[in-house]
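For reference, the structure discussed in these notes is given below.
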Amino acid sequence: CDTNGGTLPHEVSKIVLEVLKDIPGKNLGIHAHNDTGNAVANSLAATLAGVRQIQGTINGLGERCGNANLMSLIPTFFLKKDFSSKFEVNIKPNNIKKLTQCSRLLDEILNRKPNKHLPYVGAAAFSHKGGLHVSAVQKDPKTYEHINPEEVGNTRNIIVSDQAGKSNILSRLKTIGIDIKENDPKIKKLLEEVKDREFIGYSYDGADASFELLARRIIGEIPRYILINEYDVSVKKNSSGKIISSAKAQLEVDGKKIVCEGEGNGPVNALDNAIRQNIDKLNKYSKYLKDLKLVDYKVRILNTGTEAVTRVSIESTDSKGKSWFTIGVSANIIDASFKALIDSLDYKLFKDNAPASL
């Protein structure tokens, strides 16, 4: 047990070899803490030295800096030759394709935001942004990917930004299932739209759902679902000193106007509740949106002053365990939040093949 997490890999190897003089490897295990960032490395070193049991946790959860991350150890034993050729792991090979799902499911159960930078299973583990990087990955994925993302249930992510070239756009469109010719004028229009939007504050680096909606709208694949005619948000303090936020929104579905009202912990939550608590009023869309859940909300002030531009990012999820990110930008934080929220609703409806509004 490396209880204080301060032992280094070469020291672990030396200690294990010494202990093996009196105790067989089948009776030895390694319990590593991550205080020096070496919990996984120490576990691998101990195994190579002769230990035959590894203790770890999903996503490396544990006291202080955490424990050895099983989401890194398991695929290493299956996919790295130095380990796969020497050791057997009591896990069915096909099950490692469920590692990413397992990692994110635990975070969902614990109601915590997934660490996108986790090896193998993180959302950024196979993300590529620079034009040269993307071009290289398309020609030979091994230049920037040490394994096939699908082997652990993850996916490649081509990030679109104002610095992105046509290759980035085409690759990203292909990833989300949009088949379009390279010389289609809509590609140029999309690229220009991305650059114009990022100039005023948008960033699609972490808002894949909003980018997909933007692309499909330009291409003409997104129908109109819920029309938002107007909304009103107010914040007041009552006589007992409690801050109350309330929202009222006028929606339209199939030509029918629907008024939704709600309260919440802050104006954005109130606006979200106004729509969510009146889901049954949305007629044919109610069954698609009942399991929609807002799990994270971030605000970033892009410039200083009283007329500062605000960028809002929202993470949403549903009962299927799917999660997506949307974004909104405006000089008004409520308006920015509303744009991100509406994108979240539209994305959910599109992915669930909801019918268009009449």
Pairing a residue in segment 225-245 that is farther than 11 Å from Glu263 by Cβ with any residue that is of a type in the set (Asp, Glu), where Cβ atoms lie under 7 Å and the two sit 6 or more apart in sequence or on different chains, gives Tyr225/Asp346; Leu227/Glu252; Asn229/Glu252
If the requirement is being under 24 Å from His33 (Cα atoms) and within 15 Å of the chain's Cα centre (by Cα), which of these qualifies: Thr57, Thr100?
Thr100
Given the conditions (1) out of contact with any Lys or Arg (no Cβ under 9 Å at 6 or more places or on another chain); (2) closer than 21 Å to Ile327 by Cβ, which single one is not true for Phe211?
(1)
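For every residue, the table says whether it meets (1) of a type in the set (D, E, K, R); (2) more than 27 Å from Gly206 (Cα to Cα); (3) without any contact (Cβ under 8 Å) to a residue 60 or more places away in the chain; (4) not assigned by TED's automatic domain parsing to the domain that holds Asp208.
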residue	(1), (2), (3), (4)
Gly25	no, yes, yes, yes
Gly37	no, no, yes, yes
Gly60	no, no, yes, yes
Arg64	yes, yes, yes, yes
Met71	no, no, yes, yes
Asp82	yes, yes, yes, yes
Phe87	no, yes, yes, yes
Lys113	yes, no, no, yes
Gly122	no, no, yes, yes
Do the conditions hold for Asp296, that is, is it among the acidic types (Asp, Glu), touching a residue at least 24 places away in the same chain (Cβ under 8 Å) and within 22 Å of Ile222 (Cα to Cα)?
no
With in contact with an Asp or Glu (Cβ under 8 Å, 6 or more places away or on another chain), charged (D, E, K, R) and under 21 Å from Asn157 (Cβ atoms) as the only criterion, which of Lys98, Lys113 stands out?
Lys113
Counted residues, segment 196-213 - those being of a type in the set (S, T, N, Q) and outside any loop (DSSP other than H, G, I, E, B):
1
Residues (modelled with pLDDT of 85 or more, assigned to a loop (DSSP other than H, G, I, E, B) and either touching a Gly at 6+ places or on another chain (Cβ under 8 Å) or under 21 Å from Gly266 (Cα atoms) (or both)) located in segment 299-323
Val309
Could you please let me know if Asp291 is of a type in the set (D, E, K, R), touching a residue at least 12 places away in the same chain (Cβ under 8 Å), in contact with a Gly (Cβ under 9 Å, 6 or more places away or on another chain) and closer than 21 Å to Lys351 by Cα?
no
In segment 139-180, residue modelled with the lowest pLDDT [restricted to those that are under 12 Å from Val194 (Cβ atoms) and among the small types (Gly, Ala, Ser)]
Ala164
Would you confirm whether or not segment 259-273 contains a residue that is under 23 Å from Ile159 (Cβ atoms) and either over 19 Å from the mean Cα position of the chain (by Cα) or surrounded by fewer than 18 Cβ atoms within 10 Å (Cβ to Cβ) (or both)?
no
Could you list, in sequence order, all residues of segment 34-82 that are surrounded by fewer than 17 Cβ atoms within 10 Å (Cβ to Cβ), over 26 Å from Asn115 (Cα atoms) and not aliphatic (A, V, I, L, M)?
Gly50, Arg52, Gln53, Lys81, Asp82
Consider segment 259-294. How many of its residues are in a strand (DSSP E or B) and at pLDDT below 90?
3
Do you know which of the residues in segment 56-100 that are acidic (Asp, Glu) and farther than 17 Å from Ile147 by Cβ is modelled with the lowest pLDDT?
Glu88
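The values are calculated or read from the model by the stated rules, or taken from the named source; none is laboratory data. Remember, it's a predicted structure, so these values are computed and weren't measured experimentally. Every residue, glycine as well, gets a Cβ built from its backbone with ideal geometry; the counts of neighbours run over all protein chains shown.
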